[in-house]
Amino acid sequence: MVSSITIILVAMWSPIDFYIFSNPQFSTKQECVEYVMENQRSLQTYLIDEFNSPPDERSTFYCVDSENLKNALSKQNKPNI
């Protein structure tokens, strides 16, 4: 059985400020990286418009496995007992 992964695009301004793009989704990290390289300007413009950020505030883009991100976020939100 072949397992399938979904790579998603995440924009980060800081370790606590980030945006997860729900579309597009990619089947390989390479596809995601190529997409970011080809569309970086429009991605930045979208984020600036969406969040009314200053034009000089740039995001860093990451292509990550959706399950790894989901697991990391769920661990981060668990209460410390």
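The values are calculated or read from the model by the stated rules, or taken from the named source; none is laboratory data. Quantities reported herein were computed from a predicted structural model and do not represent experimental measurements. No Cβ is skipped: glycine too gets one built from the backbone with ideal geometry, and neighbour counts run over all protein chains shown.
What's the number of the condition N39 fails, among (1) surrounded by 14 or more Cβ atoms within 10 Å (Cβ to Cβ); (2) among the polar types (S, T, N, Q); (3) within 10 Å of the chain's Cα centre (by Cα)?
Just one mismatch for N39, condition (3).
Could you grab me the full set of residues in the stretch 1-36 that are of a type in the set (V, I, T), under 20 Å from N71 (Cβ atoms) and within 11 Å of the chain's Cα centre (by Cα)?
I7, I8, V10, I20, listed by residue number.
Can you tell me how many residues in the stretch 1-47 are in contact with a Ser or Thr (Cβ under 8 Å, 6 or more places away or on another chain) and not hydroxyl-bearing (S, T, Y)?
Going through the stretch 1-47 one residue at a time, the tally reaches 11.
For the stretch 24-58, which residues satisfy the criterion of being of a type in the set (D, E) and either more than 16 Å from M12 (Cβ to Cβ) or not in a loop (DSSP other than H, G, I, E, B) (or both)?
Result: E31, E34, E38, D49, E50, D56.
Yes or no: N52 at positive phi and modelled with pLDDT of 85 or more?
So N52 fits the description; yes.
Show the residue pairs meeting these rules: Cβ distance below 8 Å; 6+ apart or different chains; first residue within the stretch 34-59 and among the β-branched types (V, I, T); second residue loosely packed, with under 15 Cβ neighbours inside 10 Å.
Correct list of pairs: I48/P54; I48/P55; I48/E57.
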